[in-house]
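One structure is given here, and the rest of the page talks about it.
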Amino acid sequence: MDDTQRREYWRRNLRLMAVLLVIWALVSYGAGILFVDALNTISFIGFPLGFWFAQQGSIIVFVVLIAVYVWQMDKLDKEFGVDEVESEVHS
Amino acid sequence: MSDIQLWTLIFVVITFALYIVIAYRSRVSDTAGFYVAGGGIPASANGAAIAADWMSAASFISLAGIVAFAGNGYAGSVYLMGWTGGYVLLALLLAPYLRKFGKYTIPDFVGDRYNETARLVAVVAAIVVSFVYVAGQMAGVGVVFTRFLSVDKTTGVIIGMAIVFFYAVLGGMKGITWTQVAQYTVLIIAYLIPAVAVSAKVTGIALPQIGFGTILSELNGLQQDLGIAQYTEAFTQTSRANMVLITAALMFGTAGLPHVIVRFYTAKSVRAARFSALWALFFIAILYTTAPSVAAFSKYNIIDELGGTQGIPLSQAPDWFNTWAGVGLITQAGEAAAPISELAPDSVIRFTDVTINNDIIVLASPEIGGLPAPIVGLVAAGALAAALSTASGLLLVISSSVANDVYYKKINPQASEKQQLLVGRIAMAAAIVVAGYLGINPPGFVAQVVALAFGLACASFFPALVLGIFWKNCTAIGAMTGMIVGLGVTMAYMLWTIDIYGNSDGIFGIPETGFGTVGMIINFVVTIAVSKVTPKPSAEMQELVEEIRYPGRSRLVAAHAEGKDLH
């Protein structure tokens, strides 16, 4: 990678991180704590929604966030030709 | 010997034999294998190993009980979100970059990125945090042996020490990792079977994560009738602000704990490090989404079996109640915690008249749910797997800190592979003996300090690591000042507020468990301010920090791996 490519790669990595971390904060600190009372008035498969986010939803979203990160970074690595060999990951 | 003891013995012997066979097959002969398994662990196996390493005796035995009993129900959410959310930070902010950086330990990163004094601060912090933790694990091993096999605590801990000694000293990180994969399998099966069985029995829905939604409104009603806050109601014990502070301390602390971070060095590549984080949180989430359901079902069953609002005469109490009251884990409610045996047999007891120890929930849930003896035995084996896997991961941090960061880097830089490996093994053996001793004679404050370790980790390591990676101009003096101030302020606050020392209410009612977040913010501010006024790192160091941002081989990272000093 030359300098322009490096800057572009890093800029896109940071943007992805920022988006994912905002969602991370919204589901845990937001839905699970700060807005829990308001969300608890809504019922979701038997759970008050805020309580569900605090004990189930946030954990599920965390897993999804890392999955999206891994998937998007894989795409980014390929695009910039710095992808690593598949056998190194799954052998 | 009762049925339960027989089945426990069978499961413990089978699982211990399995760990020994795996350890023998993965013995190592070089330092890279001993410290980081040669950096050759596939991502899914590494993820399972991280999960087993992470989920300790506390997660397995106590978590559900804390959610059910330490508060009304909602208050325990801090642990559920806190101990999982940290993995998002690890995956996005640390894992790929530390893997690219290479080397073996957290002090290695701190020492190479900043300076040798910073390395020493990191070594001391890593060893202290790990010893505090490991003592708790060994104590957990003792608890399982005494309660299920009627073996005395000392014998129990010594048996546990012997097993860990065998596979950790022989196989180092490689032996530990593959054993942890087996231990994860054992512990997750042991956790899920009773949870699924109880959920199916109570609600007809086999998936406990969905099933416990159907009993919540009834549970809310029961608690209200008993005069306690509803199960799902927010902020009845902990204020909104403190919920945020405690959750944050646990999340950022998770991302700063040495025995977790070191696992990303064992991945094969940067990409594998990212995948390891994903697998790890996936495996952890299976237990962490099940735990709140175990909590709700157990509380529901216990209130029900103790006669709801009417209560039941003590003489008609269920068997499990008498068993655990007999060993003092169920007592009368109130400060004095007087034994149940002092009550007259015809006195009426209700849920609110007794105090139930948090640890009972998981260990007794098969019994309370009326499940057969083999399942109780399996749960005991699962609890042992959880305790041993965490203990071995922590012991490796201690051993590699001593052998790599102190012996090789400070005392004898000319040491051969063989000498380093020998020192590593001796340090491991010594650490196991010390941990065993602490497990048999736990200092009174261990339980409190374990919870505080997260606060200390987030106030010290997290800013130094993140700024070291993301900010090229972060200087050695800046990071050191930040670590020392963050750690110092947090420790001082904790000593001032916890019961055995000061027992003060603190400032603005911030609990000691949440103060780590404040300490971390102070650390960030100090590090940035001092870095601004101190000379910038060398051009080569800045270029090295630049290179760790991109996967694949690169010039300075390779030079650094061969030992070149870039300061």
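The values are calculated or read from the model by the stated rules, or taken from the named source; none is laboratory data. Note that this is a predicted model, so its numbers are computed, not measured. We place every Cβ from the backbone using ideal geometry, glycine too, and count neighbours over all the protein chains shown.
Here are some notes:
Conditions tested, residue by residue: (1) surrounded by fewer than 19 Cβ atoms within 10 Å (Cβ to Cβ); (2) touching a residue at least 12 places away in the same chain (Cβ under 8 Å); (3) within 26 Å of the chain's Cα centre (by Cα); (4) not in a helix (DSSP H, G or I).
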| residue | (1), (2), (3), (4) |
| --- | --- |
| B:Ile4 | no, yes, no, no |
| B:Thr8 | no, yes, yes, no |
| B:Val12 | no, yes, yes, no |
| B:Thr15 | no, yes, yes, no |
| B:Tyr19 | no, yes, yes, no |
| B:Ala23 | no, yes, yes, no |
| B:Ser29 | yes, yes, no, yes |
| B:Tyr35 | no, yes, yes, no |
| B:Gly38 | yes, yes, yes, no |
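- When B:Leu257, B:Leu226, B:Leu245, B:Leu250 are checked against the criterion of being surrounded by fewer than 24 Cβ atoms within 10 Å (Cβ to Cβ), within 18 Å of B:Leu452 (Cβ to Cβ) and either within 12 Å of chain A (Cβ to nearest Cβ) or of a type outside the set (D, E, K, R) (or both), B:Leu245 stands alone in meeting it.
- With respect to being free of Cβ contacts under 8 Å to residues at least 12 places away in the same chain, surrounded by fewer than 24 Cβ atoms within 10 Å (Cβ to Cβ) and out of contact with any Leu (no Cβ under 8 Å at 6 or more places or on another chain), B:Leu207 fits the description.
- Considering (1) β-branched (Val, Ile, Thr); (2) touching a Ser or Thr at 6+ places or on another chain (Cβ under 8 Å); (3) at the interface with chain A (Cβ under 10 Å from one of its Cβ atoms), the lone condition that B:Thr289 does not fulfil carries the number (2).
- Across the range A:73-91, the qualifying residues are those that are more than 7 Å from chain B (Cβ to nearest Cβ) and surrounded by fewer than 16 Cβ atoms within 10 Å (Cβ to Cβ), and the one among them that is modelled with the highest pLDDT is A:Lys75.
- Residue list for the range A:28-60, filter: more than 9 Å from every other protein chain (Cβ to nearest Cβ) and under 30 Å from B:Arg271 (Cβ atoms): A:Gly57
- Of the helices (runs of 4 or more DSSP H) contained entirely in chain A, those carrying at least 3 residues that are of a type in the set (Asp, Glu) fall at A:58-79.
- If you go through the range B:421-432 and keep only what is surrounded by fewer than 20 Cβ atoms within 10 Å (Cβ to Cβ) and farther than 16 Å from B:Tyr167 by Cβ, you end up with B:Leu422, B:Ile426, B:Ala430.
- Residue among B:Ser239, B:Ser269 that alone is more than 7 Å from chain A (Cβ to nearest Cβ) and farther than 17 Å from B:Gly85 by Cβ: B:Ser239
Each row is one residue, and each column tells you yes or no for (1) in contact with a Phe, Trp or Tyr (Cβ under 6 Å, 6 or more places away or on another chain); (2) at pLDDT below 85; (3) under 20 Å from B:Ala317 (Cβ atoms).
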residue: B:Ile368; (1), (2), (3): yes, yes, yes
residue: B:Pro372; (1), (2), (3): no, yes, no
residue: B:Ile375; (1), (2), (3): no, no, no
residue: B:Ala380; (1), (2), (3): yes, no, no
residue: B:Ala383; (1), (2), (3): yes, no, no
residue: B:Thr390; (1), (2), (3): no, no, no
residue: B:Gly393; (1), (2), (3): no, no, no
residue: B:Val402; (1), (2), (3): no, yes, no
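- B:Val186 satisfies every condition listed in (1) touching a residue at least 24 places away in the same chain (Cβ under 8 Å); (2) surrounded by fewer than 21 Cβ atoms within 10 Å (Cβ to Cβ); (3) more than 14 Å from chain A (Cβ to nearest Cβ); (4) not small (Gly, Ala, Ser) except (2).
- Against the test of being within 11 Å of chain A (Cβ to nearest Cβ) and under 30 Å from A:Phe47 (Cα atoms), the options B:Trp83, B:Trp54 yield a single qualifying residue, B:Trp83.
- So B:Ile215, is it more than 8 Å from chain A (Cβ to nearest Cβ) and at pLDDT below 90: yes
- Counting only helices (runs of 4 or more DSSP H) that sit completely within the range B:231-318, those holding 1 or more residues that are among the small types (Gly, Ala, Ser) correspond to B:240-254, B:270-305.
- Count of residues meeting criterion [within 10 Å of chain B (Cβ to nearest Cβ) and in contact (Cβ under 8 Å) with a residue 24 or more places away in the chain] in the range A:1-16: 5
- Taken as a whole, the condition of being within 30 Å of B:Ala267 (Cβ to Cβ) and not in a loop (DSSP other than H, G, I, E, B) does not apply to B:Thr323.
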